[in-house]
Amino acid sequence: MSNSVGAVIVAAGRGTRMGTAESKQYLLLQGKPIIVHTLEVFQRHPLISEIVLVTGQEDVDRCREWVKAYKLDKVSSVVTGGSERQHSVHLGLRKLGTTWVMVHDGVRPFVQEEEITACYEYAKEIGASVLAVPVKDTIKQVDGEGKVLSTPDRRSLWAIQTPQTFRLSELIMAYESAERDGFLGTDDSSLAERSGIPVAVVEGSYANIKITTPEDLDFAEFTQRNRGEVQT
Ligand SMILES: Nc1ccn([C@@H]2O[C@H](COP(=O)(O)OP(=O)(O)OP(=O)(O)O)[C@@H](O)[C@H]2O)c(=O)n1
Ligand SMILES: C[C@](O)(CO)[C@H](O)COP(=O)(O)O
């Protein structure tokens, strides 16, 4: 049976927490849109055979231009996303034709090749996988009035990232089930978990940030500069 691996890269958000006129995924990092940096990581990865990019309706044309300009020939389609991340992912899943899918945030350009490989290996072994890091801060559950309810044991807490890796057919079923039930999750794994799919955590790097607020841009510039990226 084919073990082909594809990626759905989601970049249809508005980036409100960034507070910029330009959506954060299109802000320049070392002269290149953040989304292009992210796409290039998966374009370069030998495991990935197909990429579907999900973006805002008004950005489809310029994304298609960037796909051509940066020779991102693994991108098979650029599609319009939805009002929530979950809707965007679902629209992307429908366009992919591989056995496995890695769902990845377009604003996480610092994922490393070996992390992508590890996510696939663990997903093959366990059923599904998510890249993550152990939390460094103490986490507390707090009620609506700001009163501390509990302090979970930190040793069991992980900060979940992307890519999140699944058998495409299983993730599509999980998405359809969530849609039927009106369930809205903040990541893909929560939909898989509720459908009974076992998910493994793959320890990654704290550098695999989701560029979300202005201070993340400073970190992103520093990281990109210090990675000495070979301009392609
Ligand atoms: N309707 C949406 C919402 C989010 N995303 C994508 O999902 C990823 C993670 O979402 P987030 O960081 O929350 O991005 P935004 O929703 O754009 O940010 P904000 O919540 O600050 O508006 C991003 O690459 C974003 O573009 C998407 O494709 N479709
Ligand atoms: C999917 C995710 O990046 C895992 O941490 C996160 O849940 C996305 O949340 P957002 O609010 O859509 O950025």
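No lab work stands behind these numbers, since they all come straight from the coordinates. Predicted model, so just to flag it, every value in this text is computed and none were measured. Cβ coordinates were reconstructed from backbone atoms using ideal geometry, including for glycine residues, and neighbour counts include every protein chain displayed.
Only residues that are over 16 Å from A132 (Cα atoms) and of a type in the set (S, T, N, Q): list them for region 176-232, please.
Hits for region 176-232 are S177, S195, T212, T213, T223, Q224, N226, Q231, T232.
Given the structure, is I51 in a strand (DSSP E or B), within 13 Å of ligand 1 (Cβ to nearest atom) and not charged (D, E, K, R)?
no
Return only the number of the condition from (1) touching a residue at least 24 places away in the same chain (Cβ under 8 Å); (2) away from ligand 1 (no atom under 14 Å from the Cβ); (3) of a type in the set (A, V, I, L, M, F, W, C) that L149 does not satisfy.
Status for L149: all satisfied but (1).
So which residues in region 180-199 are aliphatic (A, V, I, L, M) and surrounded by 18 or more Cβ atoms within 10 Å (Cβ to Cβ), if there are any at all?
L191, A192, I197, V199 - these are the residues of region 180-199 that are aliphatic (A, V, I, L, M) and surrounded by 18 or more Cβ atoms within 10 Å (Cβ to Cβ).
Does D105 count as within 15 Å of ligand 2 (Cβ to nearest atom) and among the acidic types (D, E)?
So D105 fits the description; yes.
Just to verify a result, which residue in region 79-125, among those that are β-branched (V, I, T) and buried (at least 22 other Cβ atoms within 10 Å of the Cβ), is nearest to Q224 (Cα to Cα)?
V111
In region 164-176, is there at least one residue being in a strand (DSSP E or B), within 11 Å of ligand 2 (Cβ to nearest atom) and either closer than 13 Å to Q86 by Cβ or in contact with a strand residue (DSSP E or B) (Cβ under 7 Å, 6 or more places away or on another chain) (or both)?
yes
Just need a number here: residues in region 49-61 that are of a type in the set (V, I, T), out of contact with any Lys or Arg (no Cβ under 6 Å at 6 or more places or on another chain) and in contact (Cβ under 8 Å) with a residue 40 or more places away in the chain.
Count: 2.
Can you find, within region 1-16, the residue that is farthest from the chain's Cα centre (by Cα) among those that are surrounded by 12 or more Cβ atoms within 10 Å (Cβ to Cβ) and within 12 Å of ligand 1 (Cβ to nearest atom)?
Residue satisfying both the conditions and the ranking: G15.
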